[in-house]
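First the structure, in the form of structure tokens, and then the observations on it.
No lab work stands behind these numbers, since they all come straight from the coordinates. Not measured: the values here are computed from a predicted model. Because the Cβ atoms are built from the backbone with ideal geometry, glycine has one as well, and the counts that use them run over all protein chains shown.
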Amino acid sequence: MKSFIRLSLLMVAIASFASCTKVVIDARPASITGSWVLTDAAQKDRYGWYTVTTGVEYGVFTFYSNGRARYVENGVVLEGSWNIQTLTSGYYDEYGNYYTNSHQSLSIYVSDYYGDDVIDMYFDNVRISNNSFVGTNYTHNTIGRYRFSRY
């Protein structure tokens, strides 16, 4: 009888451990490093949102962990840098709402060797997730919204 109880307890313990699952929650913030393409660009003024063409819709931005950046489009390569800062100031989010809390800004500067071909982008606010990021800026009573997706 004692061996039956011991065997039963052993079977319950094995069944308990066999049914355990491990859940891992990654608490690290999403990173901008990697390759991205611009998938949507829009501006909002007092009349509403409208789509805009930026000239960088067909290229690929690559952001490296050391702060270097590269943009490639049809064999043209521009190189430079990117920087994210945490600020506490006023900004507009991707829906056109105004806030004054802590947020991140993003600057991107890439050019060709001679400095003739340049992309100089600044976003007052950037929201980064695993597979996309949205940058917004405010200039001359207009909010700009730029959506990027992983390439």
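Residues in the range 32-38 carry Karplus couplings, in order, of 8, 4, x, 9, 9, 10, 6 Hz; the curve used is 6.51 cos²θ - 1.76 cosθ + 1.60 with θ = phi - 60°, and Gly or Pro positions show x.
If you add up the charges near residue 145, with Lys and Arg at +1 and Asp and Glu at -1, over every other residue whose beta carbon is less than 13 angstrom from its beta carbon, what do you get?
In short, -2.
Three principal axis extents of the range 32-151 based on alpha-carbon atoms, in descending order, are 39, 29, 27 Å. A cut-off under 10 angstrom between Cβ atoms defines the neighbours of residue 57, and their net charge, with Lys, Arg +1 and Asp, Glu -1, is -2.
Relative contact order of the range 36-151: 26 percent, from C-alpha pairs under 8 Å at least 6 residues apart in sequence.
Note on the range 44-151: with charges restricted to the Cβ of Lys and Arg (+1) and Asp and Glu (-1), its dipole about the Cα centre is near 420 debye.
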